[in-house]
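Worksheet for the structure shown next.
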Amino acid sequence: MMKAPPSQTVKKAKLTGQIVHTLLVTAMRSEIKSQLEQFSLQLLHEEFNFTAYGFFTLDFTLLHTMMGTTASYLFILIQFR
């Protein structure tokens, strides 16, 4: 299965990681620096996508598959009329 191109949300999430890293470099207080490090690591290791309770991802590939399935079903119905 081909991987879908990243959505706008995924792009913004990656941008958030870059912003947190910039803040991490400029942070002065140690408690803020440690919280930014933890958040940066979480952003780094977390995969950003929307799922239906973990069963399948909600993206344009799902829409494409649903449209193909519906079209196939309609063709079969039309043939058997």
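Tabulated data
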{"quantity": "Residue ID - farthest from the chain's Cα centre (by Cα), chosen from residues in region 25-81 that are of a type in the set (Phe, Trp, Tyr), more than 25 Å from residue 10 (Cβ to Cβ) and part of a helix (DSSP H, G or I)", "calculated": "75"}
{"quantity": "Residue count for region 23-37, restricted to those that are without any contact (Cβ under 8 Å) to a residue 12 or more places away in the chain and surrounded by 11 or more Cβ atoms within 10 Å (Cβ to Cβ)", "calculated": "5"}
{"quantity": "Failed condition for residue 61, given (1) free of Cβ contacts under 8 Å to residues at least 60 places away in the same chain; (2) within 16 Å of residue 7 (Cβ to Cβ); (3) not aromatic (Phe, Trp, Tyr)", "calculated": "(1)"}
{"quantity": "Some residue of region 1-13 being open to solvent by less than 90 Å² (accessible area, probe 1.4 Å), among the basic types (Lys, Arg) and free of Cβ contacts under 8 Å to residues at least 24 places away in the same chain", "calculated": "no"}
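The values are calculated or read from the model by the stated rules, or taken from the named source; none is laboratory data. Being a predicted model, the structure only gives us computed values, none of them experimental. Cβ atoms come from the backbone with ideal geometry, glycine included; neighbour counts cover every protein chain shown. Note: accessible area is taken over every heavy atom of the protein model, side chains too, but ligands, DNA and RNA are not part of it. Shrake-Rupley method; radii C 1.70, N 1.55, O 1.52, S 1.80 Å.
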